[in-house]
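Structure first, then comments.
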Amino acid sequence: MIKVIDDFLTPSYFEEIHRLLISWDFDWYCQPNLAPGLPGPPRVNFSHNFYMEEVRSPHCALILPFMYQVKDICGAKELLRCRADMTVVHPDKIKHPPHVDFQFPHYSSVFYVNESDGETVMYNERWDSKYPDTLTVSQVIEPKPNRVIIFDGDIIHTGHSPVNHQTRVILNSNYV
């Protein structure tokens, strides 16, 4: 299952999330190497955990309605994790390593917050105790503010760093 839904949140709710994540006051935490193993210097990205096990961001209450809406669409039983990710501009089109978020049955979502490039690539292959030697592209999804992708978490996927915009900001959430 891969669902792409535009205008996912109401305009005012989306604007509040956008305002928070793009503000100068939001706490982003540096991740020193987004794509280990790729040639060249480390590629820095930033993240913020809203909801994960015992971790609750001070902004968690704002994000919970979004998580419950995704949970209902995918028919999950529990919230697992939600974090904001920000990748920064790179002059080359850097594709991040293909991955799954967790190596057990789950649902995943990617929610685009800002106007950006850096598409998400969904592969035909699924995680089955190891990554396959060859991956074939199923879908390439362009970022669009207030667009969400909801999918089976065993579908291997990846994203690209932006080339034409300063940042690519998403919410990545997972459910069991």
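The values are calculated or read from the model by the stated rules, or taken from the named source; none is laboratory data. What you are looking at is a predicted structure, and each value in this text was computed from that prediction instead of being measured. Here the Cβ positions follow ideal geometry from the backbone for every residue, glycine too, while neighbour counts run over all protein chains shown. Side chains included, ligands, DNA and RNA excluded: accessible areas come from the protein's heavy atoms. Shrake-Rupley method; radii C 1.70, N 1.55, O 1.52, S 1.80 Å.
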Chain lengthening between Glu115 and Val44 when straightened (0.36 nm per residue, less Cα-Cα): 23.6 nm
Could you calculate the FRET efficiency of Arg126 with Tyr68 from 1/(1 + (r/R0)^6), where r is the beta carbon distance between them and R0 is 22 Å, rounded to 0.05? 0.25
Positive-end extreme of charge dipole, the chain - chosen from Thr158, Leu20, Pro143 (charges on Cβ): Thr158
Between Cys30, Cys82, Cys74, where does the largest GNM mean-square fluctuation fall for the chain, given springs only between Cα atoms within less than 10 Å? Cys30
In terms of solvent-accessible area of protein heavy atoms at a 1.4 angstrom probe, what is the ranking of Ile5, Ile149, highest value first? Ile5, Ile149
How long are the three semi-axes of the equivalent ellipsoid for the chain, computed from the Cα gyration tensor as the root of 5 times each eigenvalue, in whole Å, largest first? 23, 21, 16
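What's the tally of Lys pairs in the stretch 25-150 whose alpha-carbon atoms lie under 24 angstrom apart, where the two lysines are 8 or more places apart or on different chains?
Values: Lys71/Lys144; Lys93/Lys144; Lys95/Lys130; Lys95/Lys144.
Count of close lysine pairs: 4.
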Efficiency of FRET from Cβ geometry, Val163 and Gln139, R₀ 22 Å, rounded to 0.05: 0.65
Out of His157, His106, His90, any idea which swings most in a Gaussian network model of the chain, alpha carbons joined below 10 Å? His90
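How high is the relative contact order of the chain, in percent, with contacts defined as C-alpha pairs under 8 Å that are six or more residues apart? Write out the running numbers ahead of the final one.
On the way: 387 pairs, mean separation 53.6, N = 176.
Averaging sequence separation for qualifying contacts and normalising by length gives 30 percent for the chain.
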Local electrostatic count, Glu119, Cβ distance below 14 Å [Lys/Arg +1, Asp/Glu -1]: +2
Virtual spin-label span in nm between Cys30 and Phe102, 7 Å along Cα→Cβ: 3.0 nm
Could you work out how much longer the chain between Ile5 and Arg19 gets when fully extended? Use 0.36 nm per residue separation minus the Cα distance between them, nm to one decimal. 2.9 nm
